[in-house]
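Notes to accompany the following structure.
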Amino acid sequence: MTNEQACVTNLIRFATLADAEAISQLVNSAYRGDSSRAGWTTEADLLGGQRTDAAAIHEFLQGSDPLQRVLPLLCDSDGTLLACLQLELDGAEGYLGQFAVNPTRQGAGLGRALLTAAEDHARSHWSCQTMRMTVLEQRPELLAWYARRGYLPTGETVAFPYDDLRCGEPRRPDLRLRVLRKPLA
């Protein structure tokens, strides 16, 4: 582990109910609206509206079993939220979702550090052999980023939840999610 990775790891903590609004704001700023265009993870041309809301984050945290569902956060030394992701134990594998990095801080290795910490948590606390996630297939640059980190398409797809406005307002009719997996062994 490099000194930089060690410093970042020291700034990771798990979310509490008090973090729900800040997490919602971070996730939405990374994927939706004009603020998301400051980074490379924007989905603003594919989806309008929100990616999540504080109520959904609160629901996840309130109903979560801390042994099977966590929301790691990466914060600056002053406590400012920089990145987050949702990590769950799903059977024998980890599931990763709601991964977001502040758009003005993307490209600095923060996402990679948080992803590595999440994989380490799934492996060491849950004995997971694999990690799974879904990514919009219309996001080739994001699929490529995950591929460079070992997440490969399984051939499976999941329909986009067009009827759930909590996931956004689709701007095209062909949205679909690819299932990606990475061996953690």
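The values are calculated or read from the model by the stated rules, or taken from the named source; none is laboratory data. Quick caveat: nothing in here was measured; it's all calculated off a predicted structure. Note that each Cβ is placed from the backbone with ideal geometry, even for glycine, and that neighbours are counted across all protein chains shown.
On the given criteria, is Arg172 surrounded by fewer than 16 Cβ atoms within 10 Å (Cβ to Cβ), out of contact with any Asp or Glu (no Cβ under 7 Å at 6 or more places or on another chain) and basic (Lys, Arg)? Yes: the conditions hold for Arg172.
Would you mention how many residues in the range 126-185 are closer than 16 Å to Asp90 by Cβ and in contact (Cβ under 8 Å) with a residue 40 or more places away in the chain? Before you say what the answer is, go through the steps one by one.
Narrowing the range 126-185 to residues closer than 16 Å to Asp90 by Cβ: 126-134, 151, 154, 156, 158, 177, 179-184.
So of that shortlist, the ones also in contact (Cβ under 8 Å) with a residue 40 or more places away in the chain come out as 126, 128-134, 177, 179-184.
Count: 15.
Among the residues of the range 87-109, the ones that are of a type outside the set (Gly, Ala, Ser), touching a helix residue (DSSP H, G or I) at 6+ places or on another chain (Cβ under 7 Å) and in contact (Cβ under 8 Å) with a residue 40 or more places away in the chain come to 5 in all. Elements of the type strands (runs of 3 or more DSSP E) sitting completely within the range 40-118 and holding at least 3 residues that are in contact with a Cys (Cβ under 6 Å, 6 or more places away or on another chain): these cover 93-101.
Taking Ala20, is it more than 21 Å from Gly107 (Cβ to Cβ), modelled with pLDDT of 90 or more and surrounded by 14 or more Cβ atoms within 10 Å (Cβ to Cβ)? Outline the logic, then answer.
On the way: more than 21 Å from Gly107 (Cβ to Cβ): yes; modelled with pLDDT of 90 or more: yes; surrounded by 14 or more Cβ atoms within 10 Å (Cβ to Cβ): yes.
Criteria met by Ala20.
Annotation: of all residues in the range 52-92 being modelled with pLDDT of 90 or more, within 15 Å of the chain's Cα centre (by Cα) and of a type in the set (D, E, K, R), the one that is farthest from Arg32 (Cα to Cα) is Glu88.
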